[in-house]
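Only one structure is covered here, and it is reproduced in the block below.
The values are calculated or read from the model by the stated rules, or taken from the named source; none is laboratory data. Because the structure is predicted, anything quoted here is derived from the model rather than measured. Note that we place each Cβ from the backbone using ideal geometry, even for glycine, and neighbour counts take in every protein chain shown. Each accessible area value is taken on the protein alone, full model and side chains, heavy atoms only, with ligands, DNA and RNA left out. Shrake-Rupley method; radii C 1.70, N 1.55, O 1.52, S 1.80 Å.
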Amino acid sequence: RTEFALKEIMSSGGAEDDIPQAERKTVTDFCYLLDKSKQLFNGLRDLPQYGQKQWQSYFGRTFDVYTKLWKFQQQHRQVLDNRYGLKRWQIGEIASKIGQLYYHYYLRTSETSYLNEAFSFYSAIRQRSYYSQVNKEDRPELVVKKLRYYARFIVVCLLLNKMDVVKDLVKELSDEIEDYTHRFNTEDQVEWNLVLQEVAAFIEADPVMVLNDDNTIVITSNRLSETGAPLLEQGMIVGQLALADALIIGNCNNQVKFSELTIDMFRMLQALEREPMNLASQMNKPGMQESTEKPARRENPHKYLLYKPTFSQLYTFLAASFKELPANSVLLIYLSATGVFPSGRSDSEGPYDFGGVLTNSNRDIINGDAIHKRNQSYKEMHCLHPGDLYPFTRKPLFIIVDSSNSVAYKNFTNLFGQPLVCLLSPTAYPKALQDQSQRGSLFTLFLNNPLMAFLFVSGLSSMRRGLWEKCQDYLRKINRDIAQLLTHSRSIDQSFLQFFGDEFLRLLLTRFIFCSATMRMHKIFRETRNYPESYPQLPRDETVENPHLQKHILELAAILDVRNVFLENTLDDY
């Protein structure tokens, strides 16, 4: 390819002898780096998606070549313009690939700082209008590169909560799609319009808006901040386990999604991350050595994001996580999926008799249904049953199930005596509560943004920033008190306390108890299936029905002027 490119350049640039040796070498070196970078980038697809070590050296080599290529085209821009005919969209392509590299590095490491790096490269493309000339060329495949760049940039901005930028990008993308479909009569018009619809629905998924005084929307972040998790007080006896790995699985029919992230997956992944730090600003702080020193703090747990996985995919990733789990570490499994109920009556009550949650089927579903109609005694095949997770309880396991059949996982047995907790969503919500399931589950919203969920069940859809911040402060106080209730409880299962030493798990547990207590006090949540459950069960009187906590919830409702939504004397109602 390099030889071919050079011949092309020489023929367009006049006689070969007219080109100085140094310039010819510049073009040869550029072509070599460009070829090498494309080859390495394409090779990324062949790397195994699971396992944390095999891919790192390959990524390192790819980064090195792209760094050289980027610097090289900056240093020799004029020669490359004159002798190679370097176009601005080609520079844009290199920047876009570097942005993609950083984004994929984030996906592999869960280190949010790499999102900032991806953002800076994608931003540069837009600010410097690298793709602006593409529309003048009569090549639809170039326009598609530009559209894909927009879609990738939007994903990064969503993950960084840069909603203002997202709205601008969506408008620009919409204009680009219109221009593209108008100029080229292509078959992918429907697909690109679907991309626009998906991102529009994703942006509007939050049920409550927080407003500044000038009515602009406040962007709230739900990643773990320095003040996020309630601190452990002296004397609190908790385990030393650390959350090291998480599988976030989304398989809900008809839930809002963008790229391969459902809104539930999006919310849960943020609940397992710290606020991103800008690597560049960290490195260049005065007094800091210019080294690759990492900021002194714990890393984010590693995550696998699985959108609509088949059973074998899910099991493969689960086994890889289990195999690589370090000592004294926890594996978290988050399942947001459609419930699968047992098809026939069973005399036994084993771990495969209660159904579970749906896994994706690659085959025609109609055939699957036909088999079940023939023989009711078989178990559902495209389903993750509680029994499927038993082998993995040999190590500390923290499970969250958000599903209409979450209670199937209440029938767990702790076979190996390792710490094991399952947090289970309500299996149904009151009819009086408008159906929000398409815009994400209420249970997951409580685990990600408890105040927004509290406002939603209280019937509020917008709020001023000042009041929001006052309520957030109060909620932090509630979280501290919940932490004390848990650690002071005489009858709580030890598994809860063994997980309580980890900041992320501590926050999830306190939010779970707040969610459960709120629903139990709410006037329209009156059926047992409207409440979250857990395995092992929590001592209700010491946690979710504790009078002290109930008093706090009523005080929070009073600040918001929604006390009438909750029962005053809850204890009398049980």
Q) Stretched out fully, how many nm does the piece from Asp164 to Arg88 gain, at 0.36 nm a residue minus the Cα gap? A) 24.7 nm
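When the dipole is taken about the Cα centre of the chain, and only Lys, Arg (+1) and Asp, Glu (-1) are charged at their Cβ, what size is it in debye, to the nearest 20?
Dipole magnitude for the chain comes out near 680 debye.
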Q. How far is it, in nm, from the label point at Thr413 to the one at Leu47 when both lie 7 Å from their Cα along the line to the Cβ?
A. 4.2 nm
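With all protein chains present, how much of the accessible area of the chain (probe radius 1.4 Å) comes from carbon and sulfur, to the nearest whole percent? Don't skip to the answer; put the middle values down first.
On the way: 13260 of 27370 Å².
That share works out to 48 percent.
Work out which helices of the chain, taken as complete DSSP H runs, extend at least 24 Å along their axis over the Cα atoms and score a mean Kyte-Doolittle of 0.5 or more, then list them.
Numbers: long enough: 21-43 (33 Å, -0.68); 56-75 (28 Å, -0.97); 88-109 (32 Å, -0.55); 140-159 (29 Å, 0.96); 163-183 (30 Å, -0.77); 465-488 (34 Å, -0.85); 503-521 (27 Å, 0.89).
Membrane-span-like by this rule: 140-159, 503-521.
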Q) Which GluC sites (Glu not before Pro) does the range 134-217 hold that lie in a coil by DSSP with at most 16 other beta carbons within 10 Å? A) Glu137, Glu187, Glu204
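Taking only protein heavy atoms into account and a 1.4 Å probe, give the accessible area per residue of the range 15-209 in Å².
Details: 9760 Å² over 195 residues.
Here the residues of the range 15-209 average 50 Å² of exposed surface.
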(Q) List the residues, sorted by chain then number, that are 5 or more residues from Tyr531 or on another chain and whose placed amide H is less than 5 Å from its amide H. (A) Thr427
Q) Of Leu47, Gln133, Ala201, whose Cα points farthest to the positive end of the dipole of the range 15-209 (charges on the beta-carbon: +1 Lys, Arg; -1 Asp, Glu; origin at the Cα centre)? A) Leu47
(Q) Using DSSP to call loops (not H, G, I, E or B), can you name the trypsin sites (Lys or Arg not before Pro) in the range 25-110 whose Cβ has at most 10 other Cβ atoms within 10 angstrom? (A) Lys53
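Determine the dipole magnitude for the range 15-209: charges of +1 sit on the beta-carbon of Lys and Arg, -1 on that of Asp and Glu, nothing else is charged, the reference point is the Cα centre, and the result goes in debye to the nearest 20. Mind dumping the intermediate values first?
Working: 27 positive and 28 negative charges, 154 e Å.
The dipole of the range 15-209 has a size of about 740 debye.
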Q: Compute the FRET efficiency between Ser461 and Asp541 as 1/(1 + (r/R0)^6), taking r as their Cβ-Cβ distance and R0 = 45 Å, and round to the nearest 0.05.
A: 0.85
Q. Going toward the positive end of the dipole of the range 15-209, with +1 on Lys and Arg Cβ and -1 on Asp and Glu Cβ, which of Thr67, Tyr149, Leu86 do you reach last?
A. Thr67
**Q.** Mean separation of Cα contacts under 8 Å (6+ apart) over length of the range 48-157, as relative contact order %
**A.** 23 percent
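When only C-alpha pairs under 8 Å and at least 6 residues apart count, what is the relative contact order of the range 15-209, in percent?
On the way: 129 pairs, mean separation 27.8, N = 195.
Relative contact order for the range 15-209 comes out at 14 percent.
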**Q.** Links that overshoot a 20 Å alpha carbon limit, given the list Lys71/Lys167; Lys36/Lys146; Lys257/Lys308; Lys97/Lys145; Lys410/Lys551; Lys87/Lys146
**A.** Lys71/Lys167; Lys36/Lys146; Lys410/Lys551
Q.
At a threshold of 8 angstrom on Cα-Cα distance, excluding pairs fewer than six apart, so keeping six or more, what relative contact order does the chain reach in percent?
A. 13 percent
Q.
Using amide H atoms built in the peptide plane, which far-off residues or other-chain residues are under 5 Å from Val330 H to H?
A. Ala242, Leu243, Ala244, Asp245
